[in-house]
Amino acid sequence: MLHDWDDERAAAILRTIGRHRGARVLIVDAVIPPGNEPHRAKWLDLLMLAISGRERTEPEWRALIDGAGLDVVSVQDGLIEARCR
């Protein structure tokens with residue numbers, strides 16, 4: 001889970017994992033859906049913002065993972081899969 005880390009620290013964690021070429025990374029975390037409809041991840045995001053963490057949308061997950069040098073394989077609510085380059 002990376003929702004209790006800000007982007008800078010979450011990226012550092014992912015970069016450390018990314019040093020292991022070919023490894024798969026499974027992130028068990030929420031993905032905030034688009035739109036203004038109520039969703040549990042949106043409520044959790046408010047809580048996490050109060051304690052220096054955050055939930056992320058799919059584009060935010062993709063940017064974070066790509067920026068850390070990993071390739072996104074799939075993004076689903078509750079499970080994000082990436083592969084080390």
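Quick notes on this one:
- Residue in segment 26-40 that is buried (at least 17 other Cβ atoms within 10 Å of the Cβ), farther than 12 Å from Gln76 by Cα and under 15 Å from the mean Cα position of the chain (by Cα) present: no
- Residue selected from segment 41-69 under the condition buried (at least 17 other Cβ atoms within 10 Å of the Cβ) and acidic (Asp, Glu), by the criterion nearest to Ile27 (Cα to Cα): Glu55
- Residues of segment 70-81 classified as farther than 18 Å from Pro34 by Cβ, over 10 Å from the mean Cα position of the chain (by Cα) and surrounded by 15 or more Cβ atoms within 10 Å (Cβ to Cβ), total: 1
Table: residues versus (1) aliphatic (A, V, I, L, M); (2) touching a Gly at 6+ places or on another chain (Cβ under 6 Å); (3) at pLDDT below 95.
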site	(1), (2), (3)
Met1	yes, no, yes
Glu8	no, no, yes
Thr16	no, no, yes
Ile27	yes, no, no
Asn36	no, no, yes
His39	no, no, yes
Leu47	yes, no, yes
Ala63	yes, no, no
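- Of all residues in segment 30-85, those that are out of contact with any Lys or Arg (no Cβ under 8 Å at 6 or more places or on another chain), β-branched (Val, Ile, Thr) and over 21 Å from Arg15 (Cα atoms) total 1.
The values are calculated or read from the model by the stated rules, or taken from the named source; none is laboratory data. Just so you know, these numbers come straight off a predicted model, no measurement behind them. With ideal geometry, Cβ positions are generated from the backbone for all residues, glycine too; neighbour counts draw on all protein chains shown.
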